[in-house]
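Working notes, beginning with the structure itself.
The values are calculated or read from the model by the stated rules, or taken from the named source; none is laboratory data. What you see is a predicted model; the values in this text were computed from it and never measured. Here the Cβ positions follow ideal geometry from the backbone for every residue, glycine too, while neighbour counts run over all protein chains shown.
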Amino acid sequence: MNIPLIDLKAQHEVIKEEIMDAIKEVIESGSFILGQNVKALEKEIAEFTNTKYGIGVGNGTDGLQLILEAYGIGEGDEVITTPFTFFATAEAISQTKAVPVFVDIDKDSYNIDVNKIEEKITNKTKAIIPVHIFGQPADMDKILEIGKHYKIIVIEDACQAIGADYKGKKIGSLGNAACFSFYPTKNLGGIGDGGMIVTNDELVAERIKMLRFHGQRKKYYSEILGHNSRLDEVQAAILRIKLKYLKEWNEKRSQFAYRYTKKLKDFPLKTPIELANIYSVYHLYVALAEERDELVKYLHCNGIACGIYYPVPLHLQKAYKSLNYNKGDFPISEYVSKRAIALPLYPEMTEEIQDYIIEKIKDFYLGR
Ligand SMILES: *Cc1c(COP(=O)(O)O)cnc(C)c1O
């Protein structure tokens, strides 16, 4: 058997005709950048996340950077986030010339530890970027309370969590602004790069629309320095089709996730812990294993792909040497990085495939 970590071919098989028709329509329309599909998708994602404005951008990384720039964050500023995330979260901060300030994660949710944020706040702190890691919402009530108290904005890195809920509220609608990524393997993915910012802040939405398009409100009249970071029509057309299935796909992901958790409960693995009052969309199913590297090898040998998210926490990345962090600075992030293993999880998976994976994990532990 050959089991991938995520099976995009299987996903596209089901909706191939719809997608092909949509691509054909875009080609025939002759409108490829910021056309009708982008406009429609912006509206649909805003509605889906219960926000007022959606702004399509080139990718999730740009989206985070554009939000920061729209709030005037840059040189001399500090932005708090977690070291246990994809590099892009901190990279977006650094690209504005602000400094990422890391706060360790909670040992169960792997999200930012809300009890350790306040000790990192200085008079330079301008924003907090919680990351809803692996599709599980961060503890937003506490983060928003801190934001309000210190007058710091909160930007959700929701790249892994489209469709998730926090206490009945949609992820993306909780902070001042949020960013989603449509990278192909995300829960809602295009056939290339793409991203979407959502916000209720009209001025910020206006500013981001300028920033994504050379600082222009009117074509060829640049009011500020911007970027070229737009969502294209082909991606938007495909994403609009996929958006119709997202709820069902997310539901399937969580069902398979619960099934893993149930069936792996007597194994020496730490399965994901879901906090109360949230709906996680399980972008990834990440367990912790003491003998992680051996387990990964064993599963690979049995045709099962698994992933390591993330092998190196950001404070220990070579690119951040200049920030002068050391090993031991964020013990929980480091602990999790050494043990995390993502098991195959995708909506088109079957119980048979999952049982095979579980059987092999069992063999691994029995053989030790
Ligand atoms: C994917 C991802 C990003 C970046 O998104 P791109 O579209 O690849 O630029 C940022 N943050 C997190 C947490 C992500 O998972």
Practice problem: Please state which one of VAL79, VAL38, VAL101 is surrounded by fewer than 24 Cβ atoms within 10 Å (Cβ to Cβ) and more than 13 Å from the ligand (Cβ to nearest atom). | Solution: VAL101
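Just checking, does region 233-248 include any residue being of a type in the set (Val, Ile, Thr) and touching a Ser or Thr at 6+ places or on another chain (Cβ under 9 Å)?
Just the residues of region 233-248 that are of a type in the set (Val, Ile, Thr), to begin with: 234, 238, 241.
Imposing the further condition that a residue be touching a Ser or Thr at 6+ places or on another chain (Cβ under 9 Å) reduces the set to none.
Checked against the condition, which is being of a type in the set (Val, Ile, Thr) and touching a Ser or Thr at 6+ places or on another chain (Cβ under 9 Å), region 233-248 yields no hits at all.
Within region 190-210, restricting attention to residues that are acidic (Asp, Glu) and not in a loop (DSSP other than H, G, I, E, B), which residue is farthest from the ligand (Cβ to nearest atom)? Don't jump to the end; show me each part of the working.
Residues of region 190-210 acidic (Asp, Glu): 193, 201-202, 206.
Retained after the next criterion (residues that are not in a loop (DSSP other than H, G, I, E, B)): 202, 206.
Numbers: GLU202: 25, GLU206: 23 Å.
Applying the filter and picking the extreme gives GLU202.
Identify, from the list ILE55, ILE67, ILE27, the residue that is over 22 Å from the mean Cα position of the chain (by Cα), at pLDDT 95 or above and closer than 27 Å to ALA237 by Cβ. Talk me through it step by step, then tell me what you get.
On the way: ILE55 fails: over 22 Å from the mean Cα position of the chain (by Cα); ILE67 fails: over 22 Å from the mean Cα position of the chain (by Cα).
The match here is ILE27.
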Quiz item: Is it true that CYS179 is touching a strand residue (DSSP E or B) at 6+ places or on another chain (Cβ under 7 Å), in a loop (DSSP other than H, G, I, E, B) and near the ligand (Cβ under 10 Å from one of its atoms)?
Solution: no
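Using the structure shown, decide if LYS186 is modelled with pLDDT of 95 or more, within 11 Å of the ligand (Cβ to nearest atom) and among the basic types (Lys, Arg).
Details: modelled with pLDDT of 95 or more: yes; within 11 Å of the ligand (Cβ to nearest atom): yes; among the basic types (Lys, Arg): yes.
It is true that LYS186 is modelled with pLDDT of 95 or more, within 11 Å of the ligand (Cβ to nearest atom) and among the basic types (Lys, Arg).
With LEU323, LEU316, LEU284, LEU295 as the choices, which residue is more than 29 Å from VAL99 (Cα to Cα) and at pLDDT 95 or above? Talk me through it step by step, then tell me what you get.
Values: LEU323 fails: more than 29 Å from VAL99 (Cα to Cα); LEU316 fails: more than 29 Å from VAL99 (Cα to Cα); LEU284 fails: more than 29 Å from VAL99 (Cα to Cα).
Checking each option against the conditions leaves just LEU295.
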Practice problem: Mind counting the residues in region 55-75 that are acidic (Asp, Glu) and away from the ligand (no atom under 16 Å from the Cβ)? | Solution: 1
Practice problem: From the list LYS167, LYS262, LYS218, pick out the single residue that is surrounded by fewer than 24 Cβ atoms within 10 Å (Cβ to Cβ) and in the same structural domain as ILE273 (by TED's automatic domain parsing). | Solution: LYS262
Exercise. Looking for whichever is in contact with a strand residue (DSSP E or B) (Cβ under 9 Å, 6 or more places away or on another chain) and within 30 Å of LEU8 (Cβ to Cβ) here; the options are PRO130, PRO100. Which one fits?
Key: PRO130
Exercise. Those residues that are assigned to a helix (DSSP H, G or I) and either touching a helix residue (DSSP H, G or I) at 6+ places or on another chain (Cβ under 6 Å) or within 16 Å of the ligand (Cβ to nearest atom) (or both), I need them from region 119-134; list them, please.
Key: ILE133, PHE134
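For every residue, the table says whether it meets (1) under 15 Å from LEU345 (Cα atoms); (2) part of a strand (DSSP E or B); (3) over 22 Å from the mean Cα position of the chain (by Cα); (4) within 15 Å of the ligand (Cβ to nearest atom).
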position	(1), (2), (3), (4)
PRO268	no, no, yes, no
GLU274	no, no, no, no
VAL281	yes, no, no, yes
ALA287	yes, yes, no, no
GLU294	no, no, yes, no
TYR298	no, no, yes, no
TYR309	yes, no, no, yes
Quiz item: With respect to ALA158, is the statement that it is in the same structural domain as LEU34 (by TED's automatic domain parsing), within 13 Å of the ligand (Cβ to nearest atom), surrounded by 24 or more Cβ atoms within 10 Å (Cβ to Cβ) and not polar (S, T, N, Q) true?
Solution: yes
Exercise. Looking only at region 81-102, count how many residues are in contact with a helix residue (DSSP H, G or I) (Cβ under 6 Å, 6 or more places away or on another chain), without any contact (Cβ under 8 Å) to a residue 60 or more places away in the chain and not polar (S, T, N, Q).
Key: 2
Self-check item: Criterion violated by LEU246 - all others in (1) under 13 Å from GLY56 (Cα atoms); (2) in a helix (DSSP H, G or I); (3) within 18 Å of the chain's Cα centre (by Cα) satisfied
Solution: (1)
Quiz item: So which pairs qualify, if the first residue must be in region 173-197 and under 19 Å from GLU248 (Cα atoms), the second must be aromatic (Phe, Trp, Tyr) and near the ligand (Cβ under 8 Å from one of its atoms), the Cβ gap must be under 8 Å, and the two must be at least 6 apart or on different chains?
Solution: LEU188/PHE182; GLY189/PHE182; GLY189/TYR183; GLY190/PHE182; GLY190/TYR183
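Yes/no per residue for (1) touching a helix residue (DSSP H, G or I) at 6+ places or on another chain (Cβ under 9 Å); (2) in the same structural domain as VAL38 (by TED's automatic domain parsing); (3) assigned to a loop (DSSP other than H, G, I, E, B):
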position: LEU144; (1), (2), (3): no, yes, no
position: SER173; (1), (2), (3): no, yes, yes
position: TYR183; (1), (2), (3): yes, yes, yes
position: LEU188; (1), (2), (3): yes, yes, yes
